[in-house]
Amino acid sequence: MDILSLFMVPEGTKAGYSFADIPIRISFMESNVAVYGVPLDITTSFGKGTSRGPEAIRRTSALQSETFMLDEKTNIHDLVDIFDLGDLKLPKTKSIVKMLDYLDSTIPRVVASLRNNSKIPVMLGGEHTLSYYQLKALAEEEPIVIHFDAHRDMKPNYESLKICHTTPFYHLLKYIPGENLIQIGIRQTDKEENETASKNGVTTFDAWKVHNDIDSVARYLQKATAGKKIYISFDIDVYDLPYVPCTGTPEPFGLDPFQVLKLIKAIDLSACLIGMDMVEVALKNDDYREGTLATQTLYRILSRKYARQ
């Protein structure tokens, strides 16, 4: 596989372990899920730390979190075959433009190779900028995009940058029809972003809707995803403040793990996951709460039937 040279193997990363620390290593060809990290923290505008997201997830998945899911009464390894490519090697440059150009040329190549080999690409971020490159590469498959986040990330530009952590979904509207985008948990935005979402037919379930009427949100998700290809973009700050002590832009009034789990399980089992990302996870002062929460969220998504089609 020609893309392997683009990655540092998991054991060579700062984590020193592969995702979920697979007990019996499987080959790339045997897998149906391909995990890869992108330790990027270059356009974040408030708190830093997302470059350590893949590290936090890998270490907690290998050393802290059991791979047996009590609620599912099964082991993640019995349901899905995971191959960890490692971390994408990033160029040593202080130029944001050069870094983003590299990602724009490299991530689509990685995604195309994975899809050509019938793999589900699972990206571990890294800042939310990264979702733009992976989703753009998958747009021709016409997925329903389920975006969990505290923010819309729908600004046309921010601090002179067209593509950055606050803008990916504005620019993805060129490739993903607004009616195919579902945003869940939103509780921080501006007027222009709201207008962009409304004008483009984006479906929004803000955090207050989830808190007050989660059953109707779950019913909508089931109906909207039945028989569809889906992509999940999961920003860890969709969770409420106490759960995410390290992420760069936490917001109050967020979701709790049981609400997120209910919505993950509401996605229709006839759907087909074609890709996902887990972004904005950070690590500070040996606080692995976010890494643990991200790991357990990933397990619950990857254990669903829609990730094994």
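Determine the gain in length on full extension of the stretch Ala226-Ser5; use 0.36 nm per residue of separation and subtract their C-alpha separation, reporting nm with one decimal.
Values: separation 221, 0.36 × 221 = 79.56 nm, distance 3.76 nm.
Going from the current span to full extension adds 75.8 nm.
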If you only keep lysine pairs separated by 8 or more in sequence, or across chains, how many in the stretch 193-309 come under 26 Å at the Cα atoms?
20
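For the chain, give the share of DSSP beta bridges that are antiparallel, in percent and rounded to the nearest 5; count only bridges with both residues there.
Numbers: 6 of 41 bridges.
Around 15 percent antiparallel, to the nearest 5.
For the stretch 65-223, give the share of DSSP beta bridges that are antiparallel, in percent and rounded to the nearest 5; count only bridges with both residues there. Working shown, then result.
Details: 3 of 11 bridges.
In the stretch 65-223, approximately 25 percent of DSSP beta bridges are antiparallel ones.
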The chain: calculated mean residue ellipticity at 222 nm from DSSP helix runs of at least 4, using -39500 (n - 2.57):
-10000 deg cm²/dmol
Only Lys, Arg, Asp and Glu count, each charged at its Cβ (+1, +1, -1, -1), so figure out the dipole size of the stretch 122-250 about its Cα centre, rounded to 20 debye.
300
Reachable aspartates and glutamates from Lys89, Cα under 13 Å, same-chain residues fewer than 8 places away excluded?
none
Rounded if a/c under 1.5, otherwise prolate or oblate - the stretch 190-309, Cα gyration tensor axes
oblate
Compute the relative contact order of the chain as a whole-number percentage, counting only Cα pairs closer than 8 Å that sit 6 or more residues apart in sequence.
22
Mind scanning Lys48/Lys98; Lys119/Lys191; Lys48/Lys73 and naming the pairs with a C-alpha gap bigger than 28 Å?
Lys119/Lys191; Lys48/Lys73
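Nearest-5 percent of antiparallel DSSP beta bridges in the stretch 1-158? Write out the running numbers ahead of the final one.
Details: 4 of 15 bridges.
The antiparallel proportion sits near 25 percent.
Answer rounded, prolate or oblate for the stretch 51-178, using the Cα gyration tensor with square roots of eigenvalues a ≥ b ≥ c: rounded when a/c is under 1.5, else prolate when a/b is larger than b/c, else oblate.
Numbers: a/c = 1.71, a/b = 1.52, b/c = 1.12.
It comes out prolate by the Cα gyration axes.
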May I ask you to evaluate 6.51 cos²θ - 1.76 cosθ + 1.60, the Karplus curve with θ = phi - 60°, for each residue of the stretch 90-101 and list the ³J(HN,Hα) values in order in whole Hz, giving x for glycine and proline?
9, x, 8, 9, 8, 7, 5, 4, 5, 5, 5, 4
What's the ranking of 197-206, 163-172 by average number of surrounding C-beta atoms within 10 Å, highest first?
163-172, 197-206
How far, in nm, would the chain grow between Asp256 and Glu142 when pulled straight, counting 0.36 nm per residue and subtracting the alpha carbon separation?
38.1 nm
Rounded, prolate or oblate: pick one for the stretch 2-307, where a ≥ b ≥ c are the square roots of the eigenvalues of its C-alpha gyration tensor, a/c under 1.5 means rounded, and failing that, prolate if a/b is larger than b/c, else oblate.
rounded
Sorted by average packing, counted as other Cβ atoms within 10 angstrom per residue and highest first, what order do 228-235, 213-220 take?
228-235, 213-220
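What's the extension gain from Ser270 to Asn194 if we count 0.36 nm per residue and subtract their Cα-Cα distance? Display every interim value, and only then the final one.
Numbers: separation 76, 0.36 × 76 = 27.36 nm, distance 3.12 nm.
Here the segment from Ser270 to Asn194 would lengthen by 24.2 nm.
Ranked highest first by average number of other Cβ atoms within 10 Å, how do 49-60, 14-25 line up?
On the way: 49-60: 26.5, 14-25: 17.1.
Going by the mean number of other Cβ atoms within 10 Å, highest first, we get 49-60, 14-25.
Just so you know, all these numbers are worked out from the coordinates, no wet-lab data involved. Bear in mind the structure is a predicted one, so any value in this text is a computation, not a measurement. Reconstructed Cβ throughout: ideal geometry from the backbone, glycine too, with neighbour counts over all protein chains shown.
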